[in-house]
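Below is one structure, written out as structure tokens; the observations come after it.
The values are calculated or read from the model by the stated rules, or taken from the named source; none is laboratory data. In this text the structure is predicted, and so the values were computed from the model without any measurement. As a convention, Cβ positions derive from the backbone with ideal geometry for all residues, glycine included, and neighbour counts pool all protein chains shown.
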């Protein structure tokens, strides 16, 4: 019985995905009936159009999605909503290019130091809302949104003001020299012609590490306990403030790492000097929600959204714009918002002690609960 | 003096949309529903109303067109905000999550539909919706002759400025002087007590979210019209900024007015500091001016959050079955 319950959240995610895809199909159908079926097919199969290259691209897109999803999901576990992933990502990106462009002396360790520094800056940017929340009771959603903008303008200023970093002609950061990029580890041979690099491996390793922290250590248990019931955990002697700060530091570090990886990939990604916050942190929210904040689940949800995104590029062949993917993902998130609630509700009811042959049924249509007799098997 | 008038006029352009949207957010939060979907609602409101302007360009006078566009924006906002209301009030879903979904949906939807309609009407596949700005009034008759005030408020102005001020006055009256306002505040503070007193909490929360939808929709239009000549499926984070204004303004209309003025003024400074000699001489980068409102918000939050003025029940789904 217990095993079954562990899969319940994934079933609700699956239901949300189905709903999202159906609504996406309906929108395609309304906007252009003649090409809707072909277009929808492309969403599902487009990413495999070019064989292994397509798979490689999916892995490349999935890297920041998984990491930012892990960042948001980890904070969720402690009951915090990390909407500041984008700012942390941007700080990490800045850390990455700073080392990548100014420290050629580090030789083969340049990318390693770059990623470490990216992680460090991300951690600081995560620590600020954590500390504000723990010691000043500042709502982390708002402080994160503010920090997104502060980091945006600060990074713009720092990049623009530094001749070594700034490419005046293109109004963006300079190209990272080849020696400073993250090694490909032969992945570019396996997935020929794609941009994939060892970043995806780092992402998966981080996911597994987080899973171990959350499920197998006392520290992880304390973090989760704070998220589930902060009064009970306080009573059990867990410092809530400490948990909040650590949780945000780790969440920030992961998002920062994502920024470092993207900028040190050497795949044409730059810090562009414009007043727009990078999307990665917000996409991480969808990934985390779809993966029900479970680190392993996040790997799959990240891959899934990357797969849809890759398919979306080919959709333009059918005169649909690729934004349909964002619409589908938004619908999926919308449905997963209350699928989770209903699931929790049913679980709570099942947990109550019932007669041996009775069970509670939650009636979705009129929100009533009825006691029904189990059928004799 | 000319400079001051210019600065005030600039400030108004940035301030009015923030004011309107933050007031919208106030109605939602004081009814007990957190609404960070304001950004998405702004995008939707701006999208439909700018399309209306685009399609009816030249068929009527600027101000009539703008007023009709405001109506369309508010209706769009209401309809879109209903999705948030259903999730938050009926299904008791996590309000941040459903709002995040709406924020994600709106720009994608706007681009998707804009490309289709642009393709049909103008036979080009672009996502920007162009419009000609025929709404600026260089001088309002009679009123612009008032000394000082006339120069500040009634020259180079848009009718939207007065709509914003009207909304501010109406909001204060509705919130503090009507039965509905009292009930709304009660639902945000203690919905169970309100329920016991016979108030239909769900209905009030629906009303709160719908008002926020209407105002955010208008805010989207009001933001785009003076600052651009096309709509590119974004309101540049103004919805989130409005949430900051709302908190900075401690959920009260008069402080929201001050907060939006502060934000608007800093924004105006960052845009036009180069033409102000003594600021230009200070040699501070525009990015610093852009940063200041956000840093200030964080600082204010640090000092005020210990005993926050936030509606006590905001963000917690109201559940009759509890207690």
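Descriptive notes on the structure:
- Residues that are at positive phi and either in contact (Cβ under 8 Å) with a residue 12 or more places away in the chain or in contact with a strand residue (DSSP E or B) (Cβ under 9 Å, 6 or more places away or on another chain) (or both), drawn from the stretch A:171-201: A:171, A:185, A:193
- Cβ-Cβ contacts under 6 Å between residues 6 or more apart (or on different chains), taken from a first residue in the stretch B:12-30 that is under 17 Å from residue B:209 (Cα atoms) to a second residue that is outside any helix (DSSP H, G or I), are listed as B:25/B:35; B:26/B:251; B:28/B:35; B:29/B:311; B:29/B:314; B:30/B:311.
- Criterion: crowded, with 18+ Cβ neighbours inside 10 Å and either at pLDDT 95 or above or more than 13 Å from residue A:67 (Cβ to Cβ) (or both) - qualifying residue of A:237, A:227, A:193: A:227
- Residue check, residue A:273 within 14 Å of chain B (Cβ to nearest Cβ), surrounded by fewer than 24 Cβ atoms within 10 Å (Cβ to Cβ) and in contact with a strand residue (DSSP E or B) (Cβ under 8 Å, 6 or more places away or on another chain): yes
- Residue list for the stretch B:270-286, restricted to those being in contact (Cβ under 8 Å) with a residue 12 or more places away in the chain and within 12 Å of another protein chain (Cβ to nearest Cβ): B:270, B:271, B:286
- Residue check for residue A:122: within 20 Å of residue A:288 (Cβ to Cβ), within 14 Å of chain B (Cβ to nearest Cβ) and touching a helix residue (DSSP H, G or I) at 6+ places or on another chain (Cβ under 8 Å): no
- Among the conditions (1) in contact with a helix residue (DSSP H, G or I) (Cβ under 8 Å, 6 or more places away or on another chain); (2) in a helix (DSSP H, G or I); (3) crowded, with 17+ Cβ neighbours inside 10 Å; (4) within 14 Å of chain A (Cβ to nearest Cβ), the only one that residue B:127 does not satisfy is (2).
- When the criteria are applied in full, residue B:130 meets the requirement of being within 22 Å of the chain's Cα centre (by Cα) and at pLDDT below 90.
- Residue match in the stretch B:271-285 (condition: modelled with pLDDT of 85 or more, part of a helix (DSSP H, G or I) and over 23 Å from residue B:188 (Cβ atoms)): no
- Cross-chain or 6+ apart pairs with Cβ under 6 Å, the stretch B:291-307 first and facing chain A (nearest Cβ under 7 Å), then surrounded by fewer than 19 Cβ atoms within 10 Å (Cβ to Cβ): B:302/A:136; B:305/A:136; B:305/A:137; B:306/A:137
- The stretch B:301-312: number of residues that are buried (at least 16 other Cβ atoms within 10 Å of the Cβ) and at pLDDT below 80: 3
- Test: residue B:318 is away from every other protein chain (no Cβ under 13 Å) and part of a loop (DSSP other than H, G, I, E, B): yes
- Within the set A:38, A:75, A:15, the sole residue that is at pLDDT 85 or above and outside the structural domain of residue A:288 (by TED's automatic domain parsing) turns out to be A:38.
- If you go through the stretch A:304-341 and keep only what is more than 9 Å from chain B (Cβ to nearest Cβ) and under 16 Å from the mean Cα position of the chain (by Cα), you end up with A:304, A:305, A:306, A:307, A:308, A:309.
- Applying the condition of being more than 9 Å from every other protein chain (Cβ to nearest Cβ) and within 24 Å of residue B:50 (Cα to Cα) to the stretch B:232-255 and asking which residue is surrounded by the most Cβ atoms within 10 Å (Cβ to Cβ) yields B:242.
- Condition met for residue B:258 (away from chain A (no Cβ under 14 Å) and more than 19 Å from residue B:15 (Cα to Cα)): no
- So residue A:130, is it within 19 Å of residue B:295 (Cα to Cα), at pLDDT 95 or above and surrounded by 24 or more Cβ atoms within 10 Å (Cβ to Cβ): yes
- Odd one out for residue B:205 among (1) within 14 Å of the chain's Cα centre (by Cα); (2) assigned to a helix (DSSP H, G or I): (1)
- Summed over the stretch A:286-305, the residues that are surrounded by fewer than 24 Cβ atoms within 10 Å (Cβ to Cβ) and closer than 12 Å to residue A:332 by Cβ give a count of 1.
- Checking A:76, A:89 one by one, the residue that is within 15 Å of the chain's Cα centre (by Cα), part of a helix (DSSP H, G or I) and crowded, with 24+ Cβ neighbours inside 10 Å is A:89 and no other.
- Candidates B:69, B:99, filtered to the one that is within 14 Å of chain A (Cβ to nearest Cβ) and buried (at least 18 other Cβ atoms within 10 Å of the Cβ): B:99
- All positions within the stretch B:78-96 that are assigned to a helix (DSSP H, G or I), within 7 Å of chain A (Cβ to nearest Cβ) and buried (at least 24 other Cβ atoms within 10 Å of the Cβ): B:87
- Looking only at the stretch A:286-307, and only at residues there that are assigned to a helix (DSSP H, G or I) and modelled with pLDDT under 90, the one that is farthest from residue A:86 (Cα to Cα): A:290
- Some residue of the stretch B:47-63 being buried (at least 20 other Cβ atoms within 10 Å of the Cβ) and within 22 Å of residue A:330 (Cα to Cα): yes
- Residue within the stretch A:151-169 that is more than 24 Å from residue B:283 (Cα to Cα) and away from chain B (no Cβ under 14 Å) present: no
- Among the residues of the stretch B:181-211, those identified as over 19 Å from residue B:253 (Cα atoms) and free of Cβ contacts under 8 Å to residues at least 60 places away in the same chain are B:193, B:194, B:196, B:197, B:198, B:199, B:200, B:203.
- The stretch A:133-158, residues that are crowded, with 23+ Cβ neighbours inside 10 Å and without any contact (Cβ under 8 Å) to a residue 40 or more places away in the chain: A:138, A:142, A:146
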